[in-house]
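First comes the structure, then the notes that go with it.
The values are calculated or read from the model by the stated rules, or taken from the named source; none is laboratory data. Everything quoted here is computed from the prediction, not taken from an experiment. Don't worry about glycine lacking a Cβ; one is built from the backbone with ideal geometry, like all the others, and counts go over all protein chains shown.
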Amino acid sequence: MVSEPESRSPKHSLLFDERSCLEQCTSCVDVCPSIERTKDTIIINRQTLDEAQIIALQNVCPTQALSVCGEEAKEGILIDTLMKDKPFYDQSGGGVTFSGGEPLMQSNLVTSIATELHRQGVNTAIETCMHVPWKNVEQTAPHIDCWLADLKHTNEQKFLEWTQGSLKRIKANFQKLAPIAKRIVIRVPVVPGFNDTEAELADIIDFAASLESCNEIHLLPYHTLGINKYRLLDMPYLCADKPLNNPELLEYAQQHAKQYSHMNVIVRG
Ligand code: SF4
C-alpha cells in the first residue's frame, strides 16, 4: 500500500526498465548468473537473485536500464553530511526527517544519529508506520521532536486483510507513545475500497483525538504515482489504478474533526 516498494526491504533492490535495455548487450548477464539474455530483452530470475549478485550489478548497466537501489553509509559520514545543511535548518526552523522504508527497523542507528543532531541543535522528525516492537519506539522517542505516523484503519480485521499487519500493535504503540511524545501528526492514506468511507475516517479521527500529543491529521488521497516502481521491480500492483477523487469525503472528515477543538485536519496533495 505504499508507493515506494523499493524501500521496503532492508537490503538492496534491483530495478529493471526494459525500455532502456540495449539489444545485444550482455554486461549484466556476464556478471550475474540469475540474469538470462533473450533476443529482445533480459529475464531476471528473482528467486535466485541474492544480495551479492545485486551488489555486483552496481554501475554495470550502460543505460541505467538496470539500477541498484539502496546504499550503505557509516553513521559518522551521515552526520557530517546532514550537518552541512545546518545553516538551512537554522534559517528555516526545519531539521532532519528520518524516513524509509521503515526507519524504526534500525532504531539503534536512528537513536544515535538523532541524539547527536539534538546535541548540535537540530530538530528531528520521523516517518513511521508504527508496526514495530514498542522497545524500538520507546528508545527513539526522547530524541524525536515530531512523529509523522501512519494510521490506516481502526478495524483489526480489515487492516489484517489489506496489510497482513497487526493493528493491535500499532494502536498500542500510539497509546504508549502519546504521553511521552512531543508531537504526533497522524497520516492517513485514503485508499479506495479500504478506508474511503465517512465511518472509517471518522473512527480514525476519533482515535487520533484521544491521543494527548496529537493535534494534527494529514489526509493523503490515494494516488498511482508508484505504479511504475512496481513494474520496475516486477512486483504485482494490487491497488486501484485510479487516484481517489472524492472531495466530499475529505470535506466530511474536516467537518467531523471540528468537534475536537484541538484537532486540525489537513488534506495533502
Ligand atoms: S546491462 Fe543494461 S543494457 Fe545491458 S543487457 Fe543488461 S539491462 Fe540491458
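Worth a mention:
- Within this structure, SER99 fails the test of being of a type in the set (Gly, Ala, Ser), crowded, with 17+ Cβ neighbours inside 10 Å and in contact with a Ser or Thr (Cβ under 9 Å, 6 or more places away or on another chain).
- Helices (runs of 4 or more DSSP H) enclosed by segment 1-119 - at least 3 residues per element that are more than 16 Å from the ligand (Cβ to nearest atom): 75-83, 86-92, 107-119
- For segment 143-165, the criterion of being on the phi > 0 side of the Ramachandran plot and surrounded by fewer than 18 Cβ atoms within 10 Å (Cβ to Cβ) is met by at least one residue.
- Residue check: ASP234 meets all listed conditions (1) at negative phi; (2) at pLDDT below 95; (3) exposed (fewer than 14 other Cβ atoms within 10 Å of the Cβ) but one, namely (1).
- Within the set ALA208, ALA181, the sole residue that is among the aliphatic types (A, V, I, L, M), closer than 20 Å to GLN157 by Cα and in the same structural domain as VAL132 (by the TED database) turns out to be ALA208.
- THR111 being closer than 23 Å to ILE217 by Cβ and not aromatic (Phe, Trp, Tyr): no
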